Amino acid sequence: MTGNILINRSSRFGSASVSAPNNNSPGANGNRMVTKSKLVPLRRPQDGSNNYRTADGDDLTVKSNSGLTVPRYVLPCFRCRSKKAVAMAFIATTAIFLSVCSAFIAYHSLSSMSPSGGHFLLPPKEWRASRELRMQARQERKRAHSSMKPGSDVKPVQYSEFETDLLNFLFTLRAEGIKTSMIPLGNDPFGQDMQLYTNLGCSVFRQMNQNQKPSNASHKEQLRAMWSSHISSVIEASRHSDDTSYMHKNWTAMLLKFLSPYSILDHIPTDENSNKAMSDSDIDRIIGILVRRFLGLLQISGNSPSGFMPPPLRIAVFGGATVEGKGCHRARVSIPQGSVMANPSFCAFPYRLEMFLNAILLPQTVLNQLRRTLGVSPGGGSPTDQFRLVEVINLGEEGTDSDYSNAIVRNRMYPPLNMAQITGYGGGPPDIVIDAYGLDDYGKEMSDSFSFYEDVWLPFADHPKECPKENTKPSPVIVRVLLEEEASSHQKVSASMMTVILGDAVDDVEEGEMSLPDDQNPEIKEMEAGGAFGMAGHIASSWTLAINLAYNAMSRCEISGNQSPHVIPKLRNNAVPPPPPDRCDNGIDPPCLFSFLAGPKGTAPRTSAIASSIMPYIVENTGWQPQSDMSTGFARKTGLVGTGAGATITLIFRNVTRPVRRLDVITLRSTSEVWKDGTAQFSIVTGGDFSHGDEKAEESAKVAREMSFEISAELIANRSNGEERHISYHFGLDLNEIKEAGQIGTDVLLRIILTKGSRFKVLGLMLCE
């Protein structure tokens, strides 16, 4: 190479001479000398000149080879230095393309397969639809979450003084529940002592009242003042659930003006007539059930409960036509067409009592605030949706009496309801039984109800020692309801029975209502017969019952609230009692060897249910079949009907596993020509042996005992408005006096023979302990 021209051999580096001329060097004499150049990275100038700058900052001028341009810089990722690299890139691209095509073909092939094969994919349209549903669900969750955030766009709520006090009570109760280890709740046994819950609730109640000025007024005066100061809350809580626009608000407010607080409170029992007041143990249990239900709500965090959710306070109401709701639509106010208020059951005071107690103890505004505080979003099956502190079931039927209700309560023959957790009565024996037969007179002395209802307490009083009481639900609290006080009601009984007098309150509102214009039926002056009072009386009855229960609770909290709630953890942490023997009664299941109660409010509402109850025990049957007949009314349409004289049915219960001490029979009595001529003979044989041949049967005949009685179907009464009358007649046979009656291991025979007439209907049979 000649000359000092440098050749740029790299597209990335420029080359420059970095040797300085040296006169003393061998190349200084004119000899041309090629100096080895050092390759250094060059930076192309921004101004377009040929002056390049090295990494060290020196300016160099690089001359390219003549006729050659400076090569352009190429990124490494775009270089293909060999044909092999080009081939590999082509193969990779082809593989990706084939994979996409294969997936597309496979998807369409699977989508076209029949679902019957069990392996298929959703069509594209449904796939996109499900994706849209998921997106909507996510958006709803975001909205719900944003609404629960503090400071979110929530409209301010104006709480009344009553609602503010109630919120303070509930949050204080929750704090004390956590402090005393009551929250979360455990799964309490059936017979859990409610005293610990009562002490907790009453202590919080007393703690909140400490800031108020002490008063020497009696409990009646304090309750009367509380009632008068919260009239607006009472009016709002009295709204019917089907009256969404509250059309009856002004009418309800007028009823409250007509009602004197003294009419409600003057008949509340005092120390002088304590036999008509609720016992301490009874009111303790009622308060404890409500407090435990509150704690079940307050323990919820998020949309799932963190502990056991206890049942609400359950009340069963027995009575005649008034309780059933006959005549309840009599009112000087219009009822919207199609409203359930036109249905007697949804107009009567039992239904209104449930609504009023839930609305006054837990108003909707308070429940909504609890949801926001506890982080529970409303709707979507939340544990607080349809949350009720109290459930009331109306078991009133026209043509029944206290004998009938006593058999139902003693034998626990309550109607089973489907989906009871969501709507309706929750099932099982109630905590309170209201005897409202005193509102209707069937010619029976009301004093007899004392002796009958004493039987309800006897099973729990004679509880076997080997059966822990913690595993047995106590008998229900009995409450009598009368229109006016009777001399016979002063009869002394072994246990207290709360008595509520409705007459003065009902008279106040009904007399005052007469001064109002009749907006319902101004053209009709005659009022429908049936029932002791109209809609105004039913509303006043619910108020009176509620305030009587409140008075008992306030009075009791003055005593039980003195006990410290901090002893609760010691009581709750006691060892769980061992499971009871099989023969121990849990206080929930019917204590019966065999039983059925026909009718819509019984255990066998359909003929198929009656058939399934009796079929396992039938050994002889000629002329008896379960039938449904509306001629006797809706309440008594189903039953076991015998047709033709001499019709016989025999039931044998072999090797009984529990003693039989009582037989209860409920039959139809009627003024109708079809039924009133019928007479049936009932025979029961106990202590026999019908399962091991004739010899054993003859031998057991020496100790077996047989008892027989006849029941007529004729009802001696006048027709009601020209219509036939029908009642449910009860007959009870006590077998305790028979030495060998229904002993365990023996057989029991029950035979029914139609001795007179052509038809006879049995509405219920109960062979019970």
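Throughout, read-outs are computed from the coordinates displayed, never taken from laboratory work. What you see is a predicted model; the values in this text were computed from it and never measured.
Here are some notes:
- Listed pairs LYS469/LYS761; LYS326/LYS469; LYS601/LYS756; LYS326/LYS676; LYS249/LYS473 exceeding 31 Å between Cα atoms: LYS469/LYS761; LYS326/LYS469; LYS249/LYS473
- Kirkwood radius and radius of gyration were both taken over the C-alpha atoms of segment 153-205, and their ratio Rg/Rh is 1.12.
- Shown here: segment 595-684, whose C-alpha atoms stretch 41, 30, 23 Å along the first, second and third principal axes, sorted largest to smallest.
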